1. Which of the following residues is at pLDDT below 90, among the hydrophobic types (A, V, I, L, M, F, W, C) and not in a loop (DSSP other than H, G, I, E, B): L52, L92, L64?
2. Given the conditions (1) open to solvent by 80 Å² or more (accessible area, probe 1.4 Å); (2) under 24 Å from A6 (Cβ atoms), which single one is not true for T55?
3. For the stretch 100-112: of the residues being within 12 Å of the ligand (Cβ to nearest atom) and surrounded by 12 or more Cβ atoms within 10 Å (Cβ to Cβ), which is nearest to P36 (Cα to Cα)?
4. Against the condition touching a Leu at 6+ places or on another chain (Cβ under 8 Å), away from the ligand (no atom under 16 Å from the Cβ) and open to solvent by 30 Å² or more (accessible area, probe 1.4 Å), how does R48 come out, does it pass?
5. Check G78 against each of (1) within 15 Å of the ligand (Cβ to nearest atom); (2) assigned to a loop (DSSP other than H, G, I, E, B); (3) at pLDDT 90 or above and name the one condition it does not meet.
6. So A136 fits all but one of (1) open to solvent by 50 Å² or more (accessible area, probe 1.4 Å); (2) modelled with pLDDT of 95 or more; (3) more than 16 Å from the ligand (Cβ to nearest atom); what number is the exception?
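The values are calculated or read from the model by the stated rules, or taken from the named source; none is laboratory data. Remember, it's a predicted structure, so these values are computed and weren't measured experimentally. Don't worry about glycine lacking a Cβ; one is built from the backbone with ideal geometry, like all the others, and counts go over all protein chains shown. Heavy atoms of the whole protein, side chains included, go into the accessibility calculation; ligands, DNA and RNA do not. Shrake-Rupley method; radii C 1.70, N 1.55, O 1.52, S 1.80 Å.
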Amino acid sequence: VRPVEAIIADVRARGGKVTAQRVLVCEALAGDRSHPTAEQLHARLRARLPHLSLTTVYATLSDLVACGDIQRLQTGDGQVHFDPETEPHAHLVCVRCQRIHDAPPPLGREPLPSGVAGFAISGRTELLLGLCPECAAALSAEAGGRPTDQPRT
Ligand SMILES: [Zn+2]
């Protein structure tokens, strides 16, 4: 994950506007591995910037996506998530709590085919769906009513 200074330097190098609001949006997202939505980032930033509008957050995020500084991600929960990690990687999505985790490499790092069925391929999204460890534990506790590590006597 790139530090916020690198992202800001990129924006500046492109001649983009480096406003205080943009810097704060970058800071809020840099190092965040939770794949937040624009609404979540906005709610977090409102504490520090009461006049920050959701529109500004969206516009800033869209601009960063367009320039390749961050990635946009959809996992089927009807929300648009943002990811500061721009290196190719797969995502693990929990089918119960909907949380998104980064899959460890080499998952999602296979080279892209240049063309498939007449399509010039420019990218790939890889989602691995399953139960996260927390949800698996919660489900087995609900089902059994007894923690698995409890000694039997
Ligand atoms: Zn990610």
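1. Just one listed residue meets the conditions, L64.
2. With respect to (1) open to solvent by 80 Å² or more (accessible area, probe 1.4 Å); (2) under 24 Å from A6 (Cβ atoms), T55 is out only on (2).
3. Applying the filter and picking the extreme gives I100.
4. Yes, satisfied.
5. (1)
6. Answer for A136: the failing condition is (1).
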